[in-house]
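The values are calculated or read from the model by the stated rules, or taken from the named source; none is laboratory data. Please read these numbers as outputs of a predicted model, since none were measured by experiment. With ideal geometry, Cβ positions are generated from the backbone for all residues, glycine too; neighbour counts draw on all protein chains shown. Remember, those area values only see protein heavy atoms, side chains included, never the ligands or the DNA or RNA. Shrake-Rupley method; radii C 1.70, N 1.55, O 1.52, S 1.80 Å.
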Amino acid sequence: MSKLKTFASLSSQDRGLFLRALFLVAAVRLSLFLLPFRVIQRLAAGARRRMVIHPVGRCVWAVRASSRYVPRATCLTQAVAAQVLLTESGYASRIEIGVTKDEHRRFLAHAWVVCGEEIVIGGAEADYYIPLAAWDTTSGRTN
């Protein structure tokens, strides 16, 4: 019940942003399960600027908050959803994917989003990963 009260106490703009992020996180999660990554990249690159512009911090908040309600909303799921929300609000961003090895020499991967020169989501772990690929909203290409 307290989560419902918290939701009700949000401004109408934040409620709408949260619901949009929840839809995006769930859609991206399902897409990552069902579709090749190239298709997801094309779909995400098709995001268009919307009428309501949200600050970067609010977009990130909405993705993080809504990801708690979507099972297995991994860093890649959150990164793609965040990039779509940022694009819809008029911000250029890029997803970076990096790899490392754990103590058992198994590969681990991580995704994070850079907006401007700042890592806005997934940044806490990014220092431990060697960047392998980047995908930005301006070109829609993987580097």
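Heavy atoms of the protein chains alone define the surface here; on that basis the chain has 61 Å² accessible area per residue at 1.4 Å probe size.
Counted by Cβ distance under 11 Å from Leu108, the other residues give a net charge of 0, where Lys and Arg count +1 and Asp and Glu count -1.
Derived value for the chain: Kirkwood hydrodynamic radius 15.6 Å. Basis is the mean of 1/r over every pair of different alpha-carbon atoms.
What does the charge count around Arg68 come to, taking other residues whose C-beta lies under 13 Å from its C-beta (Lys +1, Arg +1, Asp -1, Glu -1)? Spelling it out: positives minus negatives among the neighbours equals +4.
Take the Cβ-Cβ distance between Arg49 and Phe7 as r, set R0 to 30 Å, and report the resulting FRET efficiency rounded to the nearest 0.05.
On the way: r = 26 Å, r/R0 = 0.88.
Taking R0 as 30 Å, the efficiency between Arg49 and Phe7 is 0.70.
The alpha carbon radius of gyration of segment 1-58, expressed as a multiple of 2.2 N^0.38 Å, is 1.39.
Here the accessible area is traced with a 1.4 Å probe on the protein chains. For segment 1-125, carbon and sulfur cover 59 percent of it. Across segment 75-116, the convex hull enclosing all Cα atoms gives 50 Å³ per residue.
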